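Here is the structure we will look at, set down as structure tokens.
Here, each number is a calculation from the coordinates, and none is a lab measurement. Just so we're clear, the structure is a prediction, and the values are computed from it rather than from any experiment. Every residue, glycine as well, gets a Cβ built from its backbone with ideal geometry; the counts of neighbours run over all protein chains shown.
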């Protein structure tokens, strides 16, 4: 810090920030080593230093205890940094694969309406065809549920057809728990389709069963569904075979 003051520079150089970011992301270092780097980035308080600081959310360090402690500390610190932190977090949310802690910080900085809009924008930025953003899509789907998005049904629906099975199952879970009626026709179609994995088909069938979605007696069922479920009295029921 003294170095920058010596030459009358108001903010750190890219090289200085990059050096501290490297320390922040050191997975096998002692906690104090990472903490000193986080303190320095936070102390600089510029947009670029805060962007570098958020890289701590993108790594998992050797100690699960310190990993969670450091991320929780960072959430608390960011929650005190007002509009600058809000802007940096929102940008991070649109691009990062690890968004859970960023969402926690944003929830402290935003109104519910603002947070709903940011989460919706972040999910829409990751199309169902994008196989590189699966983890963040899952985290965003559950965050939209947790924070009670008023447009949850429409936001989740496209991800029943995601490229990734984990994302499909996350969308099915939310649709089932929240009883998203707009999704019922699509879930019903899924149990007859052969392009889904056995895991997705069984999850879709479980949803149809638990939501008591009406099923035509003559509706063809995918083989994996027919192994464990039958249509009885217009509803899908467990077959109890075996």
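Data for the structure
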{"quantity": "Tilt relative to the chain, helix 112-124 - C-alpha long axis, 0 to 90 degrees, to 10", "calculated": "70 degrees"}
{"quantity": "Label-point gap, in nm, between residue 19 and residue 163 - each point 7 angstrom along Cα→Cβ", "calculated": "3.9 nm"}
{"quantity": "Residue of 144, 84, 41 that the Gaussian network model of the chain assigns the largest fluctuation, springs spanning Cα pairs under 10 Å", "calculated": "84"}
{"quantity": "MRE, 222 nm, helices only [DSSP H, n ≥ 4, -39500 (n - 2.57), over the chain, to nearest 500]", "calculated": "-18000 deg cm²/dmol"}
{"quantity": "Choice from 127, 197, 96 showing the highest fluctuation, given a GNM over the chain with Cα pairs closer than 10 Å", "calculated": "197"}
{"quantity": "Förster radius 25 Å - calculated FRET efficiency between residue 121 and residue 181, Cβ distance, rounded to 0.05", "calculated": "0.55"}
{"quantity": "Residues of the stretch 66-94 with amide N under 16 Å of the 7 Å Cα→Cβ point at residue 58", "calculated": "88-94"}
{"quantity": "Listed residues 163, 218, 196, most fluctuating in the chain (Gaussian network, C-alpha, under 10 Å)", "calculated": "218"}
{"quantity": "Euclidean distance of C-alpha centroids, the stretch 182-219 and the stretch 66-130, integer Å", "calculated": "33 Å"}
{"quantity": "In degrees, nearest ten, helix 31-44 long axis to first principal axis of the chain (Cα)", "calculated": "70 degrees"}
{"quantity": "C-alpha long axis of helix 100-109 to longest principal axis of the chain, angle in °", "calculated": "70 degrees"}
{"quantity": "Rounded if a/c under 1.5, otherwise prolate or oblate - the stretch 1-110, Cα gyration tensor axes", "calculated": "oblate"}
{"quantity": "Simple label model, 7 Å out from Cα along Cβ direction - residue 132 to residue 80, nm", "calculated": "3.7 nm"}
{"quantity": "Using a Förster distance of 51 Å, the FRET efficiency for residue 112-residue 240 (Cβ separation, nearest 0.05)", "calculated": "0.70"}
{"quantity": "Simple label model, 7 Å out from Cα along Cβ direction - residue 36 to residue 193, nm", "calculated": "5.4 nm"}
